[in-house]
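Here the structure is laid out as structure tokens; the discussion comes afterwards.
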Amino acid sequence: YISPKILEAKLIQLLYEDVGMGDITSHAIIPKETNVEAVIISKEDAVVAGIEEFIIIANFFDLQFKTNVSDGSKIVKNQIILSFYGDALTILALERTILNLMSRMSGIATITNKLITKLHNLKVNTRIAATRKTAPGLNYFDKKAVLIGGGDTHRMNLADMVLIKDNHIAIAGNIQNAIDSVKKRSSFSKKIEVEVTNFDEMLYAAKAGVDIIMLDNFTPAKIKKAITILKKEGYRENILIEASGGITQKNYLEYASTQVDIVSMGILTHNVKSIDLTLEIKKRNEKNSYKY
């Protein structure tokens, strides 16, 4: 989680993209100093996310508000998530950005929680992690929503840890050159992960002392064999194993049951089904006549 003031600046930038030079429709219809009460309602069951973001926006624009749930709460269809009161022109200008962000974040938190719950029911301890397949400009919010849903964020950005992938290896010439370069030039404080595509690369990475091995596009059967090899060679206990590539809602349990430590799934953030949220104006009040 980042500082509220930094988060506030990110949110104001998102609002500016939508508001532009002002809401010409609302200004043509609504008199200044008109105050209203509004509520946000969910049209489906979900795990809610984006409450903190709403609070920061509401405080910035001096809106009175009441939240009925917190981030990570399970909500049901037709439930009022929150209510707020203030200047009508301000509320309508904020409406779409608030709904877009909360709908997307809640969608990510909901699918993540669904997958995690099934894992726990099977008593499998494998972590479900996101990838960097996030929407440009929304990386922080997408990853935060995964965390709220019970998942792991994986790398937030390229500086979080070393992750040697196939293109790095192609440019370096081979996996040995890539790992050797990393060990010479990277800080001791950064973990090293290597993406491998076969057993030979996996064993070389293990012998080189990397922290995490990503088995890329391995089938569950191939993953089980890989883990057997690592155990036989005495490396399994010291290395985290991540499965990645081709993992979906339909087959992730099979992957998670192979004894890997992490299953990373791009679908958590790159194919988001937003939760259907709506903002409704409940009533109009005279200025300063309403208090929460």
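By the Stokes-Einstein formula, at 0.890 mPa s and 25 °C, the range 1-108 with its Kirkwood radius over alpha-carbon pairs has D equal to 169 µm²/s. Expressed in units of 2.2 N^0.38 Å, where N is the residue count, the Cα radius of gyration of the range 92-248 is 1.20. Within the range 184-215, the chymotrypsin sites (Phe, Trp or Tyr not before Pro) that combine a DSSP coil assignment with at most 16 other C-beta atoms in a 10 angstrom radius are PHE188. The packing ranking, built from the mean of other Cβ atoms within 10 Å per residue, places the peptides 149-158, 100-109, 28-37 in the order 100-109, 149-158, 28-37, highest first. Pairwise Cα distances in the range 13-57 exceed 11 Å in 81 percent of cases.
Put a dot 7 Å past the Cα of ALA208, heading toward its Cβ, do the same for LYS282, and the two dots end up 6.0 nm apart. Annotation: amide H-H contacts under 5 Å for ASP216 (H modelled 1.01 Å from N, sequence separation of 5 or more, or interchain): VAL196. The Cα-based radius of gyration of the range 192-285, divided by its Kirkwood radius, gives an Rg/Rh of 1.28. State the extension gain, in nm to one decimal, for the chain segment bounded by ASP200 and ASN125, taking 0.36 nm per residue of separation less the distance between their alpha-carbons. Using 0.36 nm per residue and subtracting the Cα-Cα distance, I get 24.3 nm.
Per residue, the solvent-accessible area of the chain (1.4 Å probe, heavy atoms of protein chains only, all protein chains present) comes to 52 Å². Derived scalar couplings between HN and Hα for the range 142-159 equal 4, 5, 4, 5, 4, 4, 4, x, x, x, 9, 6, 6, 6, 6, 7, 5, 8 Hz in order, rounded to whole Hz, by the Karplus curve 6.51 cos²θ - 1.76 cosθ + 1.60 (θ = phi - 60°), x for Gly and Pro. Starting from 0 in steps of 5 Å, tell me what percent of the Cα-Cα pairs of the range 199-246 lands in each bin. Once binned at 5 Å, the Cα pair distances of the range 199-246 give 5, 23, 39, 24, 8, 1.
Each peptide in 55-65, 261-271, 1-11 was scored by the mean count of other Cβ atoms within 10 Å over its residues; highest first, the order is 261-271, 55-65, 1-11.
So how tilted is helix 88-121 from the main axis of the chain? Cα-based, degrees 0 to 90, rounded to 10. The angle comes out near 30 degrees. On the beta carbon distance between LEU158 and ASN271, with R0 = 22 Å, the FRET formula returns roughly 0.45. Using θ = phi - 60° in the Karplus curve 6.51 cos²θ - 1.76 cosθ + 1.60, the 3J(HN,Hα) couplings for the range 193-204 round to 10, 10, 8, 10, 10, 7, 5, 5, 4, 4, 5, 5 Hz; x is entered for Gly and Pro. Put simply, the amide H of ASP152, placed in the peptide plane, has neighbours under 5 Å in ILE128, ALA129, ALA130, leaving out anything fewer than 5 places away on its chain. Computed from Cα positions, the angle between helix 51-60 and the longest principal axis of the chain comes to roughly 40 degrees. Listed values for the range 124-135 are Karplus-derived 3J(HN,Hα) couplings in whole Hz (6.51 cos²θ - 1.76 cosθ + 1.60, θ = phi - 60°), namely 9, 8, 4, 7, 9, 10, 7, 10, 8, 7, 10, 6, and x replaces Gly and Pro.
Estimated from the Cβ-Cβ distance and a Förster radius of 45 angstrom, the FRET efficiency linking LYS222 and LYS190 is about 0.95. For the chain, the convex hull spanned by the alpha carbon atoms encloses 148 Å³ per residue. How far, in degrees from 0 to 90, does helix 220-233 lean away from the longest principal axis of the Cα atoms of the chain, to the nearest 10? That helix lies at roughly 50 degrees to the long axis. Amide H contacts under 5 Å for ILE81: ILE40, ILE41, SER42, restricted to partners 5 or more places along the chain or on a different chain, H placed in the peptide plane at 1.01 Å from N. The three principal axes of the Cα atoms in the range 158-219 give end-to-end lengths of 32, 22, 21 Å, sorted in falling order. Enclosing the Cα atoms of the range 79-153 in their convex hull gives a volume equal to 98 cubic angstrom per residue.
With helices as the sole contributors, the chain gives -13000 deg cm²/dmol at 222 nm; each DSSP H run of n ≥ 4 counts as -39500 (n - 2.57), and the sum is divided by every residue.
For the chain, with all protein chains in place and a probe radius of 1.4 Å, 50% of the accessible heavy-atom surface sits on carbon or sulfur.
The values are calculated or read from the model by the stated rules, or taken from the named source; none is laboratory data. From a predicted model like this one, the values you see are computed outputs, not experimental measurements. Cβ coordinates were reconstructed from backbone atoms using ideal geometry, including for glycine residues, and neighbour counts include every protein chain displayed. Keep in mind that these areas ignore ligands, DNA and RNA; they rest on the heavy atoms of the full protein, side chains included. Shrake-Rupley method; radii C 1.70, N 1.55, O 1.52, S 1.80 Å.
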